[in-house]
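As structure tokens, the structure follows; a few thoughts come after it.
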Amino acid sequence: MKVLPLLPISKTAFEECKDEILDFVRGRILVAHNASFDFGFLNEELKRINEKPLDNIVIDTLDLARSMFKRRSYRLGNIAKQYGVEYDEEVAH
């Protein structure tokens, strides 16, 4: 298993790529680490351009990790390492 970025980082304005993003997430369950940040960011951008916010089911792996483990760090890289999942800090951020 490998953790990959959702979309490549570019200087394209959100409004120009929103249709591609919405087509990708529409009707799907979203899984993300610290999902409230990502989901909140997407919804703020949608609100800014007068679009309807997302209402997807969201599973936050940070919340899951906190409920399952007692540890000092809940960083995604540390959780991935614990389960033998390949994780590249440079690619994931």
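The values are calculated or read from the model by the stated rules, or taken from the named source; none is laboratory data. Computed from a prediction, not measured in an experiment: that's the story for all the values here. No Cβ is skipped: glycine too gets one built from the backbone with ideal geometry, and neighbour counts run over all protein chains shown. Side chains included, ligands, DNA and RNA excluded: accessible areas come from the protein's heavy atoms. Shrake-Rupley method; radii C 1.70, N 1.55, O 1.52, S 1.80 Å.
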Worksheet, complete the sentence: Rounded to a whole %, the carbon-and-sulfur portion of the accessible area of the stretch 12-79 at a 1.4 Å probe is 53 percent
Worksheet item: Once the whole set of protein chains is in place, how much accessible area is left on residue 24, using a 1.4 Å probe, in Å² to the nearest 10?
Response: 100 Å²
Worksheet entry | In Hz, Karplus ³J(HN,Hα) per residue of the stretch 59-66 (6.51, -1.76, 1.60; θ = phi - 60°; x = Gly, Pro) | 10, 9, 5, 5, 4, 4, 4, 5
Worksheet, complete the sentence: In the stretch 38-93, the trypsin sites (Lys or Arg not before Pro) that sit in a DSSP loop and have at most 10 other Cβ atoms within 10 Å of their own Cβ are 70, 72
